[in-house]
1. For Gly267, all conditions in the list (1) touching a Lys or Arg at 6+ places or on another chain (Cβ under 9 Å); (2) farther than 23 Å from Ile115 by Cα; (3) open to solvent by 20 Å² or more (accessible area, probe 1.4 Å) hold save one; what is the number of the exception?
2. Going through segment 86-104 one residue at a time, which ones are surrounded by 10 or more Cβ atoms within 10 Å (Cβ to Cβ), farther than 24 Å from Tyr227 by Cα and charged (D, E, K, R)?
3. Between Thr256, Thr247, which is free of Cβ contacts under 8 Å to residues at least 40 places away in the same chain, in a loop (DSSP other than H, G, I, E, B) and among the polar types (S, T, N, Q)?
4. Failed condition for Phe261, given (1) open to solvent by 70 Å² or more (accessible area, probe 1.4 Å); (2) under 22 Å from Leu152 (Cβ atoms); (3) not acidic (Asp, Glu), with all others met?
5. From (1) of a type in the set (D, E, K, R); (2) surrounded by 10 or more Cβ atoms within 10 Å (Cβ to Cβ); (3) touching a Pro at 6+ places or on another chain (Cβ under 9 Å); (4) at pLDDT 80 or above, pick out the condition that doesn't hold for Arg52.
6. Filter segment 226-235 down to the residues that are in a loop (DSSP other than H, G, I, E, B) and either free of Cβ contacts under 8 Å to residues at least 12 places away in the same chain or small (Gly, Ala, Ser) (or both) and list them by number.
Amino acid sequence: MPGLSWGSGPGSEKQRLVDLVAGGTTDARELADWFPDRTHDALRLKLADLLRESSKPVRVPKSDTNPEHAMPDYGEPPEKPIDVMAWLDRTGKRMDGHKPAKDYYRITIPTDKPIAVMYSADWHFGGLDVDYTALKRHIHFLLNVPGFYMSLVGDIGNFMNLHRTVATRRDILTPDEQAEFLHSLIHETVEKGKLLTVNSGNHDDEFTERSAGLGMLKLMAKGKVPYFRGHGYLDLVLQTSDGAETTYPIGTAHKTRFNSFMNQLHGNKRMQQMTAEFFGVDRPIPRVFVTAHTHNPAMAT
């Protein structure tokens, strides 16, 4: 019956087909009378398989839909697909030397004095909607006040040029100029010990990934400062000279899917809850959770 095995032993359909082919019958239409339970297509395909196996001269079978049309014989069968375990072996070897993206870091600051951390995002440097005088003032304050640190939470560059053509009117700097600024910013803040972490953003990572296949902010931060591809979980540890430690678990994400027009911080609260619900003791439960993206300032304790 169609769909059943052809078999391979004496008396099987396959053996009957082998005998008929050996006797010189290689036309599927001529063989059809011997296999009433097989469709012409099934018979023709099995015949082609058998002829390839035997490497005997092939009389090209005719198409069932058009007897005048000769079906092509592809000779060598296509390359067999790699099995599951071989794929895992191949991919595992390729992963050697590649570290997966981390979403947890522990950072220790040795100090006997209080510190402050500025969570900053959505600078959109290079765009037209930025107060560059104020931005300069804030960066100057960061670089010159002892015990003051910063975590960047995405969209530091604008890169609207790379988003879509009509958006180029919103940029006053070219992509390479914006990239040079990011490079300088990360280099100087890391060199001065001011930058703690960096989160990806949609402008400076998603836009550039979409157009160039790489995250601009990730490229600038790589090897210099902890970078979070999405959500970041940080244990910020203050260590005094007597060896005592105080740990502040902090969560960061450029954007969250749990926004609410009734509560600007609903997404932050849900992210904090999810850390406890899904990760438990495996992740720090953030006492602070910072998000950005919406450009709507809000804070709650």
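1. (3)
2. Hits for segment 86-104 are Asp89, Arg90.
3. On the way: Thr247 fails: in a loop (DSSP other than H, G, I, E, B).
Answer to the selection: Thr256.
4. (2)
5. It fails just one condition, (4).
6. Filtering segment 226-235 down to residues in a loop (DSSP other than H, G, I, E, B) leaves 226, 229-231.
Gly230 - this is the single residue of segment 226-235 that is in a loop (DSSP other than H, G, I, E, B) and either free of Cβ contacts under 8 Å to residues at least 12 places away in the same chain or small (Gly, Ala, Ser) (or both).
One line per residue, one yes/no per condition, for (1) within 27 Å of the chain's Cα centre (by Cα); (2) farther than 21 Å from Asp171 by Cα; (3) of a type outside the set (Asp, Glu):
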| residue | (1), (2), (3) |
| --- | --- |
| Gly97 | yes, yes, yes |
| Pro110 | no, yes, yes |
| Tyr119 | yes, yes, yes |
| Gly126 | yes, no, yes |
| His140 | no, yes, yes |
| Tyr149 | no, yes, yes |
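To keep it simple, each residue is scored yes or no on (1) part of a loop (DSSP other than H, G, I, E, B); (2) at pLDDT 70 or above; (3) of a type in the set (D, E, K, R).
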site: Arg16; (1), (2), (3): no, yes, yes
site: Thr25; (1), (2), (3): yes, yes, no
site: Leu31; (1), (2), (3): no, yes, no
site: Leu45; (1), (2), (3): no, yes, no
site: Arg59; (1), (2), (3): yes, no, yes
site: Glu68; (1), (2), (3): yes, yes, yes
site: Gly75; (1), (2), (3): yes, yes, no
site: Pro81; (1), (2), (3): yes, yes, no
site: Asp89; (1), (2), (3): no, yes, yes
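The values are calculated or read from the model by the stated rules, or taken from the named source; none is laboratory data. What you see is a predicted model, and the numbers here were worked out from it, not measured in a lab. For neighbour counting, all protein chains shown are included, and Cβ atoms are generated from backbone atoms with ideal geometry for every residue, glycine included. Please note that ligands, DNA and RNA were not included when accessible areas were found on the heavy atoms of the full protein model with its side chains. Shrake-Rupley method; radii C 1.70, N 1.55, O 1.52, S 1.80 Å.
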